[in-house]
Amino acid sequence: MDFAFDARTQELRAKLLTFMEQYVYPAETTAHEQRLRLKSPWDTPAVVEELKAEARSQGLWNLFLPDAEHGAGLSNLQYAPLAEITGRSPHLAPTALNCAAPDTGNMEVLAQFGSDEQQKRWLEPLLAGEIRSAFAMTEPEVASSDATNIETRIAKEGDEYVITGRKWYISGAMNPDCKIFIVMGKTDPDNADVRRQQSMVLVPRDTPGVEVRRAMQVYGYEDHSHGGHAEVVFHGARVPVENLVGEEGGGFAIAQARLGPGRIHHCMRLIGMAERAIELMCRRAVARTAFGKPIAQQGVVQEWIADARVAVEQLRLLVLKTAWLMDTVGNRGAHTEIQAIKIATPRTVLDIIDKAVQVHGAGGVSQDFPLAELWAAARTLRIADGPDEVHQRSLARRELKKYL
C-alpha cells in the first residue's frame, strides 16, 4: 500500500488549500451575515454562488465522482486528501465544489443506474450545479437502519407509479433549488426475498401529492448548507414508469451502492473537521491565560492535544487504506474497512471536537466559533448511513465467521 500523493493529487491539493485560504474561510462569516438578510432561511447566500463559480473556473469541481465522463476521474485514494481539506469548512466548502451530500450520492446513482433520459434531465443540471436534489429513504415510523423495514408504497398502476408514504430527515429538501427526489419504497412488499421488495423512483418536487411538511432540526441547527432536512409526505404522488431507477426490486442494492462511497466521503471530511478543531484548540490554548499561566501549560490540555494528534493520524491511515481497497478490490472487498471507519471516525472526531469546546469554555458552545456546529455534525454521523451498532454487529459477525 502506497499512500503517497501522486502528481495530480499534489496539484489539486495545493490549489484547493489556496482556494480555502483565499475564498472559503473569509466567506464563512459573510455567508452567515447574508443568510440573516435573506427572505427565506433556505435561500442560498450570494457568496455561495460566487464560491461555486470560482471553484469551477479553477477546475475544483465534481472532484468526488470517479467517472471521468461525468466527474474529475479521481480514484478514492486521490480524492481522500481533497475531501479532508473541505471538511475543515464542512458547511461551505463541499457545496462550493459541488461535492456536497446528498447531491453527491444522487449523482453517483444517476451516473451508474440512470437511463439516458434520466441522466440528461437530472444528472446534467446536477453536475453543473444548477439544481439540488434529495434522497428520500429514512422514515419516522420504522427503524430505517434496516432498509427492509421501509413502508412507503410504490404501486404500479398502468403506465404510472403511485407513491404513498411519509419520510423524514430528507436532506436537501428545504432548498428551493431542490428539484428532484430519489424515493425508495416497496414495489413488491410480498416478495419472499426482503431485499427485492424495494425500488427507487425519481419524483420531481413539483409533482402533485408531494408535501414538504416541515424542516427538521439537528441539535437546534437547521443545516442550511445541505438544503436542510425535511419531513416529506407523499399523498399518492404519480410519476411515469420511466422514472424507475434501474429495475424493479433493485432499490436495496442501489442504496448499498450509494452508501459505500458516501460513508467514506463522510469519514474523509470528518478528519478535516478534527484538524480544524485541533487548530482552534491549540490557538486558544496559547492565547488564553488562567490561574496565572497559559492554558497550553496545563497538563490535561497537553494530553488532549497529544491524544488528538495520535488519533487523527491513526484514523487517516485507516481511511486511506479503505480508499485504496475500494480502488483495488472494490466496495465489497473493502466492506470490513468501510464499516471500521464508519464506527471509529465519527466517535473519535466527536471526542476531539468536545475537547476543543472545553478549551474554549463558554465560547466553545457559542456561535462565535464553529465548534458547536462541528460537534452537531459529527454526532449526527454516528447515526447517518447506519448507526454504530448496526456496523458493529455486521463487522463482528464477519470476524466470528472465521471461527465457526
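The values are calculated or read from the model by the stated rules, or taken from the named source; none is laboratory data. Keep in mind the model is a prediction, meaning the values are calculated, not measured. Here Cβ is always computed from backbone atoms with ideal geometry, including for glycine, and neighbour counts include all displayed protein chains.
Taking segment 155-273 and the strands (runs of 3 or more DSSP E) fully enclosed by it, the elements with 2 or more residues that are under 26 Å from PRO66 (Cα atoms) and modelled with pLDDT of 95 or more are at 178-186, 198-204.
One residue stands out among those in segment 33-49 that are touching a residue at least 24 places away in the same chain (Cβ under 8 Å) and in a helix (DSSP H, G or I): the one that is surrounded by the fewest Cβ atoms within 10 Å (Cβ to Cβ), which is ARG35. Here ILE338 does not qualify as at pLDDT below 95, surrounded by fewer than 19 Cβ atoms within 10 Å (Cβ to Cβ) and either on the phi < 0 side of the Ramachandran plot or not in a helix (DSSP H, G or I) (or both).
Quick grid of which residues meet (1) over 15 Å from ILE254 (Cα atoms); (2) surrounded by 24 or more Cβ atoms within 10 Å (Cβ to Cβ); (3) out of contact with any helix residue (DSSP H, G or I) (no Cβ under 7 Å at 6 or more places or on another chain):
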{"site": "ILE170", "(1), (2), (3)": "yes, yes, yes"}
{"site": "ILE180", "(1), (2), (3)": "yes, yes, no"}
{"site": "LYS186", "(1), (2), (3)": "no, no, yes"}
{"site": "VAL194", "(1), (2), (3)": "no, no, no"}
{"site": "LEU202", "(1), (2), (3)": "no, yes, no"}
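For segment 22-61, filtering for residues that are under 18 Å from PRO125 (Cα atoms) and in contact with a His (Cβ under 7 Å, 6 or more places away or on another chain) leaves 0.
Go through the residues of segment 298-312 one by one and say whether even a single one is closer than 22 Å to HIS391 by Cα and touching a helix residue (DSSP H, G or I) at 6+ places or on another chain (Cβ under 8 Å). Please lay out each step first, then the result.
Kept after step one, since they are closer than 22 Å to HIS391 by Cα, are these residues of segment 298-312: 311-312.
Right, trim to touching a helix residue (DSSP H, G or I) at 6+ places or on another chain (Cβ under 8 Å) and you get 311-312.
Yes, that holds for at least one residue.
Hey, does segment 3-11 have a residue that's closer than 28 Å to ILE170 by Cβ, not assigned by TED's automatic domain parsing to the domain that holds ALA377 and not aromatic (Phe, Trp, Tyr)? No, every residue in segment 3-11 fails to be closer than 28 Å to ILE170 by Cβ, not assigned by TED's automatic domain parsing to the domain that holds ALA377 and not aromatic (Phe, Trp, Tyr).
Here MET273 clears all of (1) touching a Lys or Arg at 6+ places or on another chain (Cβ under 8 Å); (2) surrounded by fewer than 23 Cβ atoms within 10 Å (Cβ to Cβ) except the condition numbered (2). Remark: pairs (first residue in segment 13-32, surrounded by fewer than 15 Cβ atoms within 10 Å (Cβ to Cβ); second residue modelled with pLDDT of 95 or more and assigned to a helix (DSSP H, G or I); Cβ separation under 8 Å; 6+ apart in sequence or on different chains) = LEU17/ILE85.
The residue that is farthest from GLU49 (Cα to Cα), among those in segment 126-150 that are touching a strand residue (DSSP E or B) at 6+ places or on another chain (Cβ under 8 Å) and in a helix (DSSP H, G or I), is THR148.
Taken over segment 342-356, the criterion of being under 19 Å from ARG276 (Cα atoms) and under 18 Å from the mean Cα position of the chain (by Cα) is satisfied by ALA344, THR345, PRO346, ARG347, THR348, VAL349, LEU350. Residues of segment 357-371 that are free of Cβ contacts under 8 Å to residues at least 60 places away in the same chain and surrounded by 17 or more Cβ atoms within 10 Å (Cβ to Cβ): VAL357, GLY364. The set of residues in segment 290-317 that are surrounded by fewer than 17 Cβ atoms within 10 Å (Cβ to Cβ), assigned to a helix (DSSP H, G or I) and aliphatic (A, V, I, L, M) comprises VAL300, ALA306, VAL310, LEU317. Just one of (1) in contact with a helix residue (DSSP H, G or I) (Cβ under 7 Å, 6 or more places away or on another chain); (2) within 20 Å of PRO176 (Cβ to Cβ); (3) free of Cβ contacts under 8 Å to residues at least 24 places away in the same chain fails for ARG121. It is (1). Please specify each residue of segment 108-140 satisfying the condition of being among the aromatic types (Phe, Trp, Tyr) and over 24 Å from VAL212 (Cβ atoms). Listed by number, the list holds a single entry, PHE113.
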